[in-house]
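All of the numbers you see were taken from the coordinates with simple rules; none came from a lab. Note that the coordinates shown come from a computational prediction; the quantities given were computed from them, not determined experimentally. No Cβ is skipped: glycine too gets one built from the backbone with ideal geometry, and neighbour counts run over all protein chains shown.
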Amino acid sequence: MSLAKRAIAECIGTFWLVFGGCGAALLACGVPNVGIGYVGVSLAFGLTVLTMAFAIGHISGCHLNPAVTLGLLASGRFKGGKDTVAYIVAQCIGGIIAAGILYVIVKSAGASFSGVAGDFATNGFSADGTTAHFGGAAYGMGAAFAIEAVLTCVFLFVIIGSTDRRAPAGFAPIAIGLCLTLIHLISIPVTNTSVNPARSTAMAVFVGGEPLSQLWLFWVAPIVGAVIAGILYKCVFEEKCCCCKDCKCDKKDDCKCDDKADDKKDDVKEDKKEDDKADDKAAE
């Protein structure tokens, strides 16, 4: 698949993540009596990733997140250079397009924003240590950095592990989507949950103020966590390819490991058949 096509898929996928997740937060979360609340928003984010993983996973890998792309790069699962740049740019463009449409929708209903963290589903933290933006306690910069880094690290660990060739095939989108749901259930009261620099950037550019001035944290913390997870999985849990010496890849297109395993099984079956024939002959 060409890089251009993969980048377009990433743009579409990130559009859906921002539009579906942030759209649920803006349009459906606070409806009196029937609003979906934190749980509904958490599920919305998880469902966007789950559905897009099935839709474009075979095209681009369905990163939808600069931190995921860089974490996979650190793990050896993704190419560097222009591929990485194209993915990150496409993700940010897709997110900004989605945020722009949401901005027009909510402004048409008379919404106004004052540039504080949490406006327009933005991410942030309590700059003064006393203001609680997201319904929880007043979490400061240290708490925000810690939770974003840790949760992104776990998210990448689940992504890399569930897509490992040794993992059960076909279930990765479910594990990844549910993991993102759980991440939101944990951290919405702390930072409004980012773990995704493209998602944070997309919403912040339309509000300015605190969300834009604090945006650096929602790039640095998720990327730090993602890179740690990528390096950890690569160094501790990854198995080297048995058909090429010193191979550090998880999966090669020309890998003969599975073929060798199949050949060995066939040899065992043939040996068993020969033994059975010998036993039958002896019995006669």
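Multiplying the residue separation of ILE186 and LYS107 by 0.36 nm and subtracting their alpha-carbon distance yields 25.5 nm. For region 48-155, what does the alpha-carbon gyration tensor say about shape, rounded, prolate or oblate, given a ≥ b ≥ c as the root eigenvalues, a/c under 1.5 as rounded, and a/b over b/c as prolate? Oblate, since a/c reaches 1.5 and b/c is not below a/b. Calculate the spin-label point distance for VAL31 paired with ARG165, positioning each point 7 Å from the Cα along the beta-carbon direction, and give it in nanometres. Placing both labels 7 Å along Cα→Cβ, they lie 4.7 nm apart.
Centre-to-centre, using Cα atoms only, region 138-195 and region 28-58 are separated by 15 Å. Semi-axes of the equivalent ellipsoid of region 92-208 are 29, 19, 11 Å, computed as sqrt(5λ) over the eigenvalues of the C-alpha gyration tensor in descending order. Spacing of the modelled spin labels on ALA127 and LYS5, each 7 Å from Cα toward Cβ, amounts to 4.6 nm.
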